[in-house]
Amino acid sequence: MSTLWQGRFEGGPADELLAFTVSLPVDRRLAVDDLAGSRAHVRGLARAGILTDDEAAVVLAALDRVGDELVSGRFTFEPTDEDIHTAIERRVTALAGAAGAKLHTGRSRNDQVATALRLWCKRELAAVARRVLTLQRTLLDRAREAGAAYLPGYTHLQRAQPVLLAHHLLAHGWALARDVDRLLDCRRRADVSALGAGALAGSSLPLDPDATARDLGFASRFENSLDAVSDRDFVAEALFALSLVAVHLSRMGEEVIVWSTDEFGFARLDDAYATGSSMLPQKKNPDIAELARGKAGRVIGDLTGLLATLKGLPLSYNRDLQEDKEPLFDAVDQLSLGLTAMAGLYGTLTFDVARMQAAADSPYAAATDLAELLVDRGTPFRDAHALVGALVRDSLERHVPLAELVEAHPDLGADGAALLEPGRPVSRRRTAGGAGPDPVSLQLERFGRRLEVDAERLGESSE
Ligand code: ARG
C-alpha cells in the first residue's frame, strides 16, 4: 500500500488507522474545488519555473481527465485514498508520470484543504442565500394577496392587538433578509485564499500566493501562514449563520403547526405538503413544519460540535480540523431541503381569514385604542390605561359587553364605542413600520425592493 508519506515509514498503515482516519466519504464533494486549487497551483508552479510549460500542460490535462472521471463515475478509488485530495493527486501522478509527481511541490494538504473548503463555502453559502430569497418571494406574494386581512397579533401567545396578515408574514421575511445579509457577509470572510501557506510556514520556492489567489477568484490571500492553515472561523460563522436560518425556519414551522390545529384553525395544509397517519384516518399532519423545527436542533448541534472541536487546538494544523466538513455539509444540506420545503408549504397554505378576523375582533383587542382616545382628549396615558383596564375587568366580571360600558363612559362615549367595531383597531396603526394598512403598503414596497437588491447581490457574487 502506498501513502503520501511512505518515504519516512518502514511499514504501511494499519487497517485500523485507515478505517479511523479516512475522510473520503465526506470530502469527496470537495472534488471540483480541489481540482480548481490544483490547476491554479500548477499554473503558479509554471510561472515560478518549477514546471516547464509542457509539464504544466500535461498535468493540467491529467487534472481535466480526473475531473471527467469523477463526474462520470469512472474514477476508481483505492483503499489508501484517505481523502479526495490524496485520491486526485495519486491519479494525476499515474496519468502524468514525472510531471504529475511535481504537482504537490510547495503545497501541503493543509493549505490545499483550507483553500478547497473556502471555495466550497463561497459557492454554497450563495446557493443557500438564493434559496432563502425564494422563500422570501413566497412570503411577499402571500403578503400581497392578503390585502386587508387581519388576525390577532400575540405577545406571550396571548392576543394583544390586531395586525394585518401581510404584516405578520413580512415579519418572517425581514428576519430572513438579515439571514441573507449574514450569509453574504460570512462569504466575504471566506473569500481569502490559503494556497501558498504550505504545511504551516510558506515555502522556500518562488511561489506567489497573491497570483494564485487572483487565479482562483479570491478577493485576497492569507496574511499569516499559521493562521491560514488553522483558521476555521469561516466555517464556524457559516454554521452560525446557517443555524440562525434554521431557527427562523423552526419558528415559522411552529407557527404553521399552531395555526393548522383545530383549536386555532387559521390555516389549512395543502395535501401535497401534509402527511397522513398510518392509524388515524382523519389526520392531516404538518410534518414539514415539524421537521423544520426538529432539524434546527440538529443544525445547532453542527455549530456547537465544531466550536467544541476548535476550542483548545494549538497552532497550527491539527487533524481534528478534518471534523469541520461533516457539520458544514450537513447544515447546508438540511437547510437546502428545508428552505425549499418551507417555501412550498407557505406557498400552498390556505388562510382562514374569517377565523383569523373573528379571533381578532374581540372588543378587548381595542383596549389600547380606547386608552389612546383618552390620551387624545388630554388624559395622561397611565391614568387612561388604569381607566380602560377597570372597564375591561368590570365587563368580564359582570358579563356586560365592553361596548356598553364604553358608550356610557363620559370621556369615551360613542367615539369610544366606534373603536370597538371589527377592523377598526388595525386600521388605526399608522406609524412607520406599524401593523396597519398605510405603513404595511409602504413596507410591501420596501420589502419588494430589498429582494431585488439582494437578488442582484447574489447574482454578482454567485461565481
Ligand atoms: N483530510 C484532511 C483534512 O480534511 C487532510 C489534511 C491532512 N493533513 C495532514 N497533515 N494529515 O483536514
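A short reminder: the numbers here are calculations on the coordinates, not readings from a lab. Predicted model, so just to flag it, every value in this text is computed and none were measured. As a convention, Cβ positions derive from the backbone with ideal geometry for all residues, glycine included, and neighbour counts pool all protein chains shown.
Some points to look at:
- One residue stands out among those in region 74-123 that are part of a loop (DSSP other than H, G, I, E, B) and within 11 Å of the ligand (Cβ to nearest atom): the one that is nearest to the chain's Cα centre (by Cα), which is D83.
- Scope region 265-278; condition assigned to a loop (DSSP other than H, G, I, E, B) and touching a residue at least 60 places away in the same chain (Cβ under 8 Å); matching residues: G265, F266, L269, D270
- Criterion: of a type in the set (K, R), in a loop (DSSP other than H, G, I, E, B) and within 42 Å of the chain's Cα centre (by Cα) - qualifying residue of R430, R449, R457: R430
- Only one of the listed residues (T340, T350) is more than 30 Å from D27 (Cα to Cα), away from the ligand (no atom under 16 Å from the Cβ), polar (S, T, N, Q) and exposed (fewer than 15 other Cβ atoms within 10 Å of the Cβ). That residue is T350.
- Some residue of region 245-256 being closer than 16 Å to A116 by Cα and buried (at least 17 other Cβ atoms within 10 Å of the Cβ): no
- Note on region 181-224: residues that are among the hydroxyl-bearing types (S, T, Y), more than 21 Å from K325 (Cα to Cα) and buried (at least 22 other Cβ atoms within 10 Å of the Cβ) total 1.
- Only listed residue being in contact with a helix residue (DSSP H, G or I) (Cβ under 6 Å, 6 or more places away or on another chain) and in a helix (DSSP H, G or I), chosen from V32, V26, V71: V26
- Region 289-322, residues that are aliphatic (A, V, I, L, M), touching a residue at least 24 places away in the same chain (Cβ under 8 Å) and either away from the ligand (no atom under 14 Å from the Cβ) or not in a helix (DSSP H, G or I) (or both): A289, L291, A292, A296, V299, I300, L303, L307, L313, L315
- Region 14-23, residues that are loosely packed, with under 15 Cβ neighbours inside 10 Å and not in a helix (DSSP H, G or I): A14
- Residue satisfying all of: in region 323-336; under 19 Å from L119 (Cβ atoms) and of a type in the set (A, V, I, L, M); nearest to the ligand (Cβ to nearest atom) among these: L328
- Number of the condition not met by T3 [criteria: (1) assigned to a helix (DSSP H, G or I); (2) within 16 Å of the ligand (Cβ to nearest atom); (3) under 23 Å from A197 (Cβ atoms)]: (1)
- A residue that is assigned to a helix (DSSP H, G or I) and out of contact with any Cys (no Cβ under 8 Å at 6 or more places or on another chain) occurs nowhere in region 192-202.
- Residue check, A160 farther than 27 Å from T340 by Cα and surrounded by fewer than 18 Cβ atoms within 10 Å (Cβ to Cβ): yes
- For the residues G49, G44, G11, the requirement of being more than 16 Å from the ligand (Cβ to nearest atom), exposed (fewer than 11 other Cβ atoms within 10 Å of the Cβ) and touching a residue at least 24 places away in the same chain (Cβ under 8 Å) singles out G49.
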